[in-house]
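The structure appears below as C-alpha cells.
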Amino acid sequence: MVVLPLVSTVVKAAGRTMLDNFGERWAKVRDLGIGKALAATVATHINSVSVGMCQGYSAILLPQLQDPASPLQVNTEEASWIASLGVITNPLGAILSGLLMEWLGRKKAVQLVSIPFLLGWLTIALSSNLFILCIGRAITGVAIGMGAACYVYVAEISLPEHRGFLSAFGPIFVSLGVLLVYSFGYLFNWQVASAACAVCAAISASIMSLIPESPSWLLAHCKEKKARQAIVWFRGDTDEASKELADLSEAMMAKKIENEESGNQWSQFLQPSVWKPFLILVTFFIFQEGSGLYIMLYYAVNFFQESGSTMDKYVLCIIVAFMRLVMSIFGTLCIKRFNRRTMACVSGLGMALSMGVAGSYEYLYASLDVLERPLPWLPQLCIVANVCTSMLGMLQLPWIMIGELFPTAVRGIMGGVVSSLAYFFIFVVVKVYPQCLQYMHVHGMMWSFAAISLFAIVFVLLFLPETQGRTLIEIEAQFKGKTEVRKEGEPSP
C-alpha cells in the first residue's frame, strides 16, 4: 500500500519535469519565430496524410481483389488501371489547384482539398462493382493533385531559414498516411479501410479555418491590412512583421512596374525566372519517377512478391512504411542542416546502390527457389534501403522546390502546371509497370531504376539551384541572372 503513493508521487514529478522541459523548448521555438508557422504547417499537411493513404491504397486493394475469395475479381490489366486511376486524374486536380490558389487564395485552395478526398473515399467504401470503385479512385486522384497547394502555402508563410524544414513536413505526413493505410489493409478489408481513410479527410477543412491566409497572396491582391495581420500572427513580432511586409511590397511593386513596361502581362511567363525553374523541376520530376520511387509505393505488396519474399507481405509493407516515416523525419532534420544538392545526391546514390545490388541478386538467383537462395533476405533489405534513402531528398525535394523557385505572381499557376506534369509522369510509370515487368523482369526493372538514379545525380550537380537560406525574392533574382544576390542576413543595398 505504501508503494502506490510513492509511485504516484514519482509519476507526478516526472510529468511536471516533462511539461517544464516541453514549455522551455516551446518557448525557444516561439522565440525563433517558427511556433505558429509550425502549427499552420501541421494543420495544412493533414491533407498530406490523405495523399499518402490514396497513394498506398492500391497496394492493399489489389491483392485483396485478386484473392480467389473476393466477390470482385480483377485481371492484370484491370489491376494496372485501378492503380493508375489514383494518378491519372492528378493533373486535373493540380491545374484546378493552381487556379483556385490564384482566385480564392492559398488557404481556401488547401481547405477545398478535403472535399474530393471525402467524396472519393466514401464512394470506394460503398462501391459494389468495379465501375463505382474506379470512379472513387479517380475522385481521390483529383484530390491528390489539389494537394499541391499545401506546399505553396507553407513556402509562403515560412521564414527562409525555416522554409525547407517546414516544407519537408509534407513527405512526413504522406509517409504517415502510407503507414496508416497499410495497417488498415492488414486489419480490415478494402471497404472498411476506405471508410477509415474518409475520417481523416473530414478533419482537415475545419482545422484550416483556424489559421490565416498567406501574406504574399493577400498583398498581391491589395489586402495590405490583412497581410500585416497575417504576418504578425505568424511571427509574433510587430517590428519584424513591418520589415517583412515592406520587403514583400517592394518586390511586388518592382514586379508590377516590370510587367507594365513590357506591355504584356503574359510576358512574365516567358521570363527566365519562370521558364528556367519550369524546365529544372520538370526534369527533376522525370528522374524522380524513373527511379521507381512510386512503383514501390503503388505496387508494394506485388513488388515484394516478385522479389521472392518469404515474409508476410502486409507485415513487410508495414515495416517498410514505418521505416519510410522514420526516415522522412530524419530527412526533414537533414534538410534543415544540409543544402539541397547534397541531400539529393546522397539520396540518389543510396537508391542507385540498393537497386543495383538487388537487381544483380535477382539476375544471379532468379532460377532458384526462394528457399534455396543464399541470403534470401538481401533483396528485401535492398528495397527497404531504397525506400529509406529516397526520403533523404529524391522524394521530397521536387515538391518542396515547387513552392520555392517560382515568382509570387505566377507561383500558384506554375505550381499547378508543374504538379500536373509530375502526376502525369507518375501515371505513366504506374500504368506501364506491369507490362515492363513482363519484358524486363524484376532484375531489369531494378537495374533501370539504379541507372536513372545515377543520371539524377548528374542532373542535380549540373543544374539544380541551391535554395537553402535564401529568401523567395533572392531566388527569383538568381534566375533573372542578377549577379548581386543578397545572402540571408546581409543588409539590403
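Annotations
- Hits in the stretch 220-254 - residues which are out of contact with any Leu (no Cβ under 8 Å at 6 or more places or on another chain), open to solvent by 70 Å² or more (accessible area, probe 1.4 Å) and part of a helix (DSSP H, G or I): 225, 229, 233, 238, 239, 240, 243, 250, 253
- Flag if residue 368 is part of a loop (DSSP other than H, G, I, E, B) and open to solvent by less than 60 Å² (accessible area, probe 1.4 Å): no
- Taking the criterion of being open to solvent by less than 80 Å² (accessible area, probe 1.4 Å) and either assigned to a loop (DSSP other than H, G, I, E, B) or β-branched (Val, Ile, Thr) (or both), the residues of the stretch 77-118 that qualify are 82, 87, 88, 89, 95, 105, 110, 113.
- Residue pairs whose Cβ atoms lie under 7 Å apart, sitting 6 or more positions apart in sequence or on different chains, and linking a residue in the stretch 316-339 that is under 18 Å from residue 467 (Cβ atoms) to a partner that is open to solvent by 40 Å² or more (accessible area, probe 1.4 Å) and of a type outside the set (Asp, Glu), are 339/468.
- Unmet requirement for residue 467, which otherwise passes all of (1) part of a helix (DSSP H, G or I); (2) in contact with a helix residue (DSSP H, G or I) (Cβ under 6 Å, 6 or more places away or on another chain); (3) modelled with pLDDT under 85: (1)
- Among all residues of the stretch 437-445, there is none that is over 30 Å from residue 74 (Cβ atoms) and either assigned to a helix (DSSP H, G or I) or open to solvent by less than 40 Å² (accessible area, probe 1.4 Å) (or both).
- Failed condition for residue 172, given (1) open to solvent by 10 Å² or more (accessible area, probe 1.4 Å); (2) over 13 Å from the mean Cα position of the chain (by Cα): (2)
- Scanning the stretch 235-288 for residues that are within 24 Å of residue 225 (Cα to Cα), among the small types (Gly, Ala, Ser), more than 30 Å from the chain's Cα centre (by Cα) and modelled with pLDDT under 75 returns a single hit, 254.
- Residue satisfying all of: in the stretch 185-219; outside any helix (DSSP H, G or I), at pLDDT 85 or above and open to solvent by 20 Å² or more (accessible area, probe 1.4 Å); farthest from residue 234 (Cα to Cα) among these: 189
- Residue check: residue 418 meets all listed conditions (1) more than 30 Å from residue 109 (Cβ to Cβ); (2) under 16 Å from the mean Cα position of the chain (by Cα) but one, namely (1).
- Of residues in the stretch 119-139 being open to solvent by less than 10 Å² (accessible area, probe 1.4 Å) and in a helix (DSSP H, G or I), the one nearest to residue 191 (Cα to Cα): 124
- The requirement of being more than 24 Å from residue 332 (Cα to Cα), touching a helix residue (DSSP H, G or I) at 6+ places or on another chain (Cβ under 9 Å), buried (at least 20 other Cβ atoms within 10 Å of the Cβ) and in contact (Cβ under 8 Å) with a residue 60 or more places away in the chain is satisfied by residue 414.
- Among (1) buried (at least 22 other Cβ atoms within 10 Å of the Cβ); (2) in a helix (DSSP H, G or I), the one test that residue 394 misses: (2)
- Tally, over the stretch 397-411, of residues that are buried (at least 24 other Cβ atoms within 10 Å of the Cβ) and outside any helix (DSSP H, G or I): 1
- From the options 454, 461, residue that is in contact with a Leu (Cβ under 9 Å, 6 or more places away or on another chain) and modelled with pLDDT of 80 or more: 454
- Residue within the stretch 378-386 that is surrounded by 24 or more Cβ atoms within 10 Å (Cβ to Cβ), part of a helix (DSSP H, G or I), of a type outside the set (Ser, Thr, Tyr) and within 21 Å of the chain's Cα centre (by Cα) present: yes
The values are calculated or read from the model by the stated rules, or taken from the named source; none is laboratory data. Note that this is a predicted model, so its numbers are computed, not measured. Methodologically, a virtual Cβ is constructed for each residue, glycine included, from the backbone with ideal geometry; neighbour enumeration extends over all protein chains shown. Just so you know, the surface numbers come from the protein's heavy atoms only, side chains and all, with ligands and any DNA or RNA stripped out. Shrake-Rupley method; radii C 1.70, N 1.55, O 1.52, S 1.80 Å.
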